[in-house]
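Down below is the structure, laid out as structure tokens.
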Amino acid sequence: MAVSWTRHRFSGGMLALDTTNTVVLRGDAGRSFDRFDDPAEIARFAAAASGFRADELRGRVLAAPDPKAIAGRVLAIREATDRLMRRSVVEGVLATVDMPHFLNACADGLTASRERLSAEAPFGVESEPLAFEAALAVSALSLLSAGIMSRLRICPNCNWLFVDRSRNGSRLWCDMAVCGNRQKARRHYSRRKEEVVNG
Ligand SMILES: [Zn+2]
């Protein structure tokens, strides 16, 4: 069944993080699954990201006209990004041992690209759509800044990576409306259960 690419699925706050979050429940071998198992979803994700990530992309539209052809490169960037950034959140350091793989994956995403990037237009200025794998590489590389890395978090409910842009840097959930509420409901339920058991 086709994935419905809702706003919640773009809770990562950056294209590269939203892409790592297309693997659901990472680390949970029994329940984890990959929303990009069907390469057609890469094209649909790119179209949705053009809207939800318009701020980061400065309005540049993304396209993946031949998702099957780019799937290998997209998944390589996605997995290398996840490994590098997840470890940086957990351990508080960037592991250079993970860097060559990450940089090579990003380089592969840019091989066919002829964009001209600038501070005002970090994803280029051309009027035609930007290749998704190139945009993904640029977004992933932009994670390597102290300002972003110090604000990377892992949602304790769903394991997604997200960037915390709250003023005091204390955001806990990828999406309060989804993961925050689920956790609240779970706490409520276990309290009720205790009451029943104890009472
Ligand atoms: Zn979450």
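Mind checking the dipole of segment 7-198: about its Cα centre, +1 per Lys or Arg Cβ, -1 per Asp or Glu Cβ, Debye to the nearest 20? The partial results should precede the final answer.
Working: 29 positive and 23 negative charges, 200 e Å.
Dipole magnitude for segment 7-198 comes out near 960 debye.
Could you work out, for segment 93-191, what percent of all Cα-Cα pairs fall into each 5 Å distance bin, beginning at 0 Å and stopping at the bin that holds the largest distance?
2, 11, 15, 16, 15, 15, 11, 8, 4, 2, 1, 0
With a Förster radius of 41 Å, plug the Cβ-Cβ distance of K184 and A69 into 1/(1 + (r/R0)^6) and report the FRET value to the nearest 0.05. Display every interim value, and only then the final one.
Details: r = 44 Å, r/R0 = 1.06.
According to the calculation, E is roughly 0.40.
Work out, step by step, the length gained on full extension between M176 and V125: first 0.36 nm times the residue separation, then minus their alpha carbon distance; give nm to one decimal.
On the way: separation 51, 0.36 × 51 = 18.36 nm, distance 3.44 nm.
Difference between extended and current length: 14.9 nm.
Taking every eigenvalue of the Cα gyration tensor of segment 1-99, multiplying by 5 and rooting it, what semi-axes result, largest first, whole Å? Please report the intermediate quantities before stating the final value.
Details: eigenvalues 99, 55, 38 Å².
Equivalent ellipsoid of segment 1-99: 22, 17, 14 Å, largest first.
Using the alpha carbons of the chain, what is the convex hull volume per residue in cubic angstrom, as a whole number? Provide the component values of the computation, followed by the final result.
On the way: hull volume 29.4 nm³, N = 199.
Enclosed volume per residue, from the Cα hull, is 148 Å³.
Each label point is 7 Å from the Cα along the Cα-to-Cβ direction; what then is the distance between the points at L117 and R35, in nm?
Placing both labels 7 Å along Cα→Cβ, they lie 2.3 nm apart.
Suppose every K and R has +1 on its Cβ and every D and E has -1 on its Cβ; what is the size of the dipole of segment 1-42 about the Cα centre, in Debye to the nearest 20? Working shown, then result.
On the way: 5 positive and 6 negative charges, 40 e Å.
The dipole of segment 1-42 has a size of about 200 debye.
Could you sort the peptides 72-83, 89-100 by per-residue average Cβ neighbour count (10 Å cutoff), highest mean leading? Could the numbers behind the result be given before it?
Working: 72-83: 20.0, 89-100: 11.2.
Packing proxy ranking, top to bottom: 72-83, 89-100.
On C-alpha positions alone, give me the angle between the axis of helix 67-91 and the longest principal axis of the chain, in degrees, nearest 10.
Orientation of helix 67-91: about 50 degrees from the principal axis.
Computed from the coordinates by the stated procedures, all read-outs in this text should not be read as laboratory data. The structure displayed is predicted, hence computed values, not measured ones. Neighbour counts are summed over all protein chains in view; Cβ atoms, including those assigned to glycine, are modelled from backbone coordinates with ideal geometry.
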